[in-house]
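What follows is a short report on a single structure.
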Amino acid sequence: MNLKKLIENSEYFVWLALGDSITEYNHCTEGYENYLQHFDTLLRLAYSKRKYTIINTAVGGSSLSNDADFAIDKIRRFKPDFVTAMFGMNDSGAGKAGQEKFKTALTGLCMFCKDNRIPLLLLTQNPLDYSCAIDCIQRRKNLSEYMNIVKQTAEACEVELADIYATWSKDVLDQNNNEHFKLLHDGIHPNHKGHEYIFEIIKKQIHN
């Protein structure tokens, strides 16, 4: 997938972002840009706002298992040229019992986009800091399995994937837990440095 070509081949390019609190712009970025706003700055300087818009429809607390119809309805309403979807963090709170429902919802989203010829980029999410002994983090012990479902579904549906979880785990968490912690606002959400890192991972893959 090449974001530049998608934009340049569109009269006016509409990017629709789906997700949860990690994509939603909120206090966890500590007043700085989140990963989508970094893209907005990059694209604005390259094309001006006459050429594109990024619509961030992410909702904090959302799980695709419960909001699949809502997500698809957004695509119908906005008629985007490009969709990114970052889910799994909240779904993982359901543990192993929720994995099949999550896979079904994600597959449905992928196939809707494919059937309507809308380019879709699936995004995995950041690893957690399990050293934080609070319930909302400890209930997400199966996050890695949910991120594997995202990866497997992307392969099965022939949809492109930016595997943030794998890259962050390999290059940061597995090297130095302190560096991992520096990218987080709390035990779950990336801070502004974490969002810069997510932006760089995605940009390297789709904007070259």
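At a 1.4 Å probe radius, which order do D115, D91 fall into by accessible area, largest first? Let's see the in-between values first.
Details: D115 115, D91 5 Å².
I get D115, D91, largest accessible area first.
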- Task: Sequence neighbours fewer than 8 away in the same chain don't count; with that in mind, list the lysines whose C-alpha is under 17 Å from K182.
- Result: K170, K193
- Message: What whole-number distance in Å separates the alpha-carbon centres of the stretch 122-167 and the stretch 32-98?
- Response: 16
- The summed charge of the L122 Cβ neighbourhood (under 11 Å; Lys/Arg +1, Asp/Glu -1) stands at -2
- Given the stretch 30-117 reduced to its alpha-carbon atoms as identical point scatterers, what log10 I(q)/I(0) does the Debye formula return at q = 0.11, 0.22 Å⁻¹? -0.39, -1.12
- Task: Give me the lysines in straight-line cross-link reach of K74: C-alpha distance below 19 Å, same-chain residues under 8 apart excluded.
- Result: K114
- Expressed in whole Å with the largest first, what are the equivalent ellipsoid semi-axes of the stretch 89-143 derived from the C-alpha gyration tensor as the square root of 5 times each eigenvalue? 28, 13, 6
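When Lys and Arg each count +1 and Asp and Glu each count -1, what net charge do the other residues less than 11 Å away from R44, Cβ to Cβ, add up to?
On the way: positive: K49, R50, K51; negative: D40.
For residues surrounding R44, the net value is +2.
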- Message: If you take Cα Rg over 2.2 N^0.38 Å from the coordinates, which of (1) 1.23; (2) 0.97; (3) 1.17 do you get?
- Response: (2)
- Note on the structure: Per the helix-only model, the chain has a calculated mean residue ellipticity at 222 nm (DSSP H runs of ≥4, -39500 (n - 2.57) each, divided over all residues, rounded to the nearest 500) of -14000 deg cm²/dmol
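Hey, if we sort K204, K170 by accessible area with the 1.4 Å probe, largest down, what's the order? Numbers along the way, then the final one.
Working: K204 170, K170 130 Å².
Descending order: K204, K170.
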- For the stretch 1-154, which whole percent of the accessible surface, found with a 1.4 angstrom probe, sits on carbon and sulfur atoms? 50
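Over 18 Å between Cα atoms: which of K5/K151; K49/K204; K5/K51 fall into that group?
On the way: K5/K151 24 Å; K49/K204 22 Å; K5/K51 13 Å.
Checking Cα-Cα distances, K5/K151; K49/K204 exceed 18 Å.
For F39, F78, what's the largest-to-smallest order of accessible area, 1.4 Å probe? It would help to have the intermediate numbers written out before the result.
Numbers: F39 0, F78 90 Å².
The residues order as F78, F39, largest area first.
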- Task: Might you list the cysteines of the chain that have no disulfide-compatible partner by the rule of another cysteine's Cβ under 4.7 Å?
- Result: C28, C113, C132, C136
- Taking 0.36 nm per residue of separation and subtracting the Cα-Cα distance, what length does fully extending Q175 through K101 add? 23.3 nm
- Gain upon complete extension [L6, R77; 0.36 nm per residue less C-alpha separation]: 23.5 nm
- Message: Given a 1.4 angstrom probe, what's the average accessible area per residue across the chain, in square angstrom?
- Response: 47
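Taking 8 Å as the Cα distance limit and 6 or more residues as the minimum spacing, I'd like the relative contact order of the stretch 1-92 as a percentage.
Here the relative contact order equals 47 percent.
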- Query: If amide H atoms are built 1.01 Å from N in the plane of the peptide, which residues on other chains or at least 5 residues away come under 5 Å of the amide H of F82?
  - Reply: V14, L16
- Message: Sequence gap at least 6, Cα distance under 8 Å: using those rules, report the relative contact order of the chain to the nearest whole percent.
- Response: 26
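From largest to smallest, what semi-axes in whole angstrom does the stretch 97-208 give when each is the square root of 5 times an eigenvalue of its alpha carbon gyration tensor?
On the way: eigenvalues 134, 68, 22 Å².
Largest first, the stretch 97-208 gives 26, 18, 10 Å.
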- Message: Taking amide H atoms as placed 1.01 Å from N in the peptide plane, list the residues 5 or more away in sequence, or in a different chain, whose amide H sits under 5 Å from that of Y52.
- Response: F13
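The values are calculated or read from the model by the stated rules, or taken from the named source; none is laboratory data. All values reported here derive from a predicted model rather than from experimental measurement. Cβ atoms come from the backbone with ideal geometry, glycine included; neighbour counts cover every protein chain shown. Just the protein is used for accessible areas: all its heavy atoms, side chains included, with ligands, DNA and RNA removed. Shrake-Rupley method; radii C 1.70, N 1.55, O 1.52, S 1.80 Å.
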